[in-house]
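The values are calculated or read from the model by the stated rules, or taken from the named source; none is laboratory data. Treat the numbers as computed from the prediction; the structure is a model and nothing was measured. Don't worry about glycine lacking a Cβ; one is built from the backbone with ideal geometry, like all the others, and counts go over all protein chains shown. Just the protein is used for accessible areas: all its heavy atoms, side chains included, with ligands, DNA and RNA removed. Shrake-Rupley method; radii C 1.70, N 1.55, O 1.52, S 1.80 Å.
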Amino acid sequence: MQNFFVETSAVQDGVIRLCGGDVNHMKNVLRMKPGETVRIQNGQGISYTCRISGYEGQEAVLEIVETEISDTELPSEIYLFQGLPKGDKMEWIVQKAVELGAAGVIPFAAGRSVVRLDEKKAEKKANRWQAIAKSAAEQCGRAVIPEVSRPVSFAEALKQAAGLDVILIPYELERGMKQTADIIRGIRPGQSVGIFIGPEGGFDAAEIERAQESGARPVSLGSRILRTETAGLTALSILMYHLESEGHNLK
């Protein structure tokens, strides 16, 4: 079923009026007709199953058939702190991180980051990444649209992560999968988690030390060195499986 997001104010008296680019996508790209069913999310955890009543000008008029609390979100908020990669890798990372359940993505410039964005470019990139997050959230049936922030410094990223319950920093020089497994098993549903991933050149020793001083725990993701666009998604996949398994066991 097709999935779209609306502001809460668009929901009134059993009817939702969808507007903007989503209407063009629904009407002219998907060619959806009156009578067909769509799912609408209000971005706050409420999901509406709707029937298309018709199109009025630049709006799609949707009749609410069923309202329910969405169960597509992870039982913990996981934030991906991603060292800025080269090229368009960040777009792919954002898309897949949203699919894997990330609550937010925070790009940052590390010491070995090749990419340096001025204020104008940073804003343009952030807008592009947010649009990708919205599209990915719609595609995979998320109940919320994860926020992708503008790029920040490594120091600012650590500051933003300070309030999280658990901070993980995969590091290629870290050894011992047992310790990593113990740390993962110790994370419980409801705890907030931050994952720090370095850019192509990885973290330098000073950054790892600074992260540890801020409460981050170095972990290993195996005996192979993963690319920056692979490492974060690997960690997210592991946490997604662990948390959803734990959450299921609590039911």
Single unsatisfied condition, Thr234 versus (1) open to solvent by less than 20 Å² (accessible area, probe 1.4 Å); (2) assigned to a helix (DSSP H, G or I); (3) modelled with pLDDT of 95 or more: (1)
Verdict on Gln212 being more than 23 Å from the chain's Cα centre (by Cα), at pLDDT 95 or above, part of a helix (DSSP H, G or I) and not β-branched (Val, Ile, Thr): yes
In region 102-140, residue most open to solvent (accessible area, probe 1.4 Å) [restricted to those that are at pLDDT below 90 and part of a loop (DSSP other than H, G, I, E, B)]: Arg116
Residue list for region 76-101, filter: at pLDDT 95 or above, in a loop (DSSP other than H, G, I, E, B) and more than 22 Å from Ala161 (Cβ to Cβ): none
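May I ask you to verify whether Arg150 is open to solvent by 60 Å² or more (accessible area, probe 1.4 Å) and more than 19 Å from the chain's Cα centre (by Cα)?
Details: open to solvent by 60 Å² or more (accessible area, probe 1.4 Å): yes; more than 19 Å from the chain's Cα centre (by Cα): no.
It is false that Arg150 is open to solvent by 60 Å² or more (accessible area, probe 1.4 Å) and more than 19 Å from the chain's Cα centre (by Cα).
Of Leu226, Leu158, which residue is aliphatic (A, V, I, L, M), under 29 Å from Glu119 (Cα atoms) and surrounded by 15 or more Cβ atoms within 10 Å (Cβ to Cβ)?
From the options Leu226, Leu158, the qualifying one is Leu158.
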Pairs where the first residue, in region 198-225, is of a type in the set (Gly, Ala, Ser) and the second is surrounded by 14 or more Cβ atoms within 10 Å (Cβ to Cβ) and at pLDDT 90 or above, C-beta under 6 Å, 6+ apart: Gly198/Gly83; Gly198/Ala110; Ala211/Ile169; Ser214/Leu158; Gly215/Ile167; Ala216/Ile167; Ala216/Ile169; Ser220/Thr180
All positions within region 40-72 that are exposed (fewer than 15 other Cβ atoms within 10 Å of the Cβ) and part of a loop (DSSP other than H, G, I, E, B): Gln44, Gly45, Gly57, Gln58, Asp71
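Looking only at region 21-38, count every residue that is free of Cβ contacts under 8 Å to residues at least 24 places away in the same chain and either of a type outside the set (D, E, K, R) or touching a strand residue (DSSP E or B) at 6+ places or on another chain (Cβ under 6 Å) (or both) and tell me the total.
Total satisfying the criteria: 8.
From the residues in region 182-198 that are over 18 Å from the mean Cα position of the chain (by Cα) and part of a loop (DSSP other than H, G, I, E, B), which one is surrounded by the fewest Cβ atoms within 10 Å (Cβ to Cβ)?
Step one: filter region 182-198 for residues over 18 Å from the mean Cα position of the chain (by Cα), giving 182-188.
Narrowing the set further to residues that are part of a loop (DSSP other than H, G, I, E, B) leaves 186-188.
Numbers: Gly186: 9, Ile187: 19, Arg188: 15.
Among those residues, the one meeting the criterion is Gly186.
Take Ile145 and tell me if it is touching a residue at least 60 places away in the same chain (Cβ under 8 Å), over 19 Å from Glu213 (Cα atoms), surrounded by 14 or more Cβ atoms within 10 Å (Cβ to Cβ) and not small (Gly, Ala, Ser).
Working: touching a residue at least 60 places away in the same chain (Cβ under 8 Å): yes; over 19 Å from Glu213 (Cα atoms): yes; surrounded by 14 or more Cβ atoms within 10 Å (Cβ to Cβ): yes; not small (Gly, Ala, Ser): yes.
Yes; evaluated as a whole, the condition is true for this residue.
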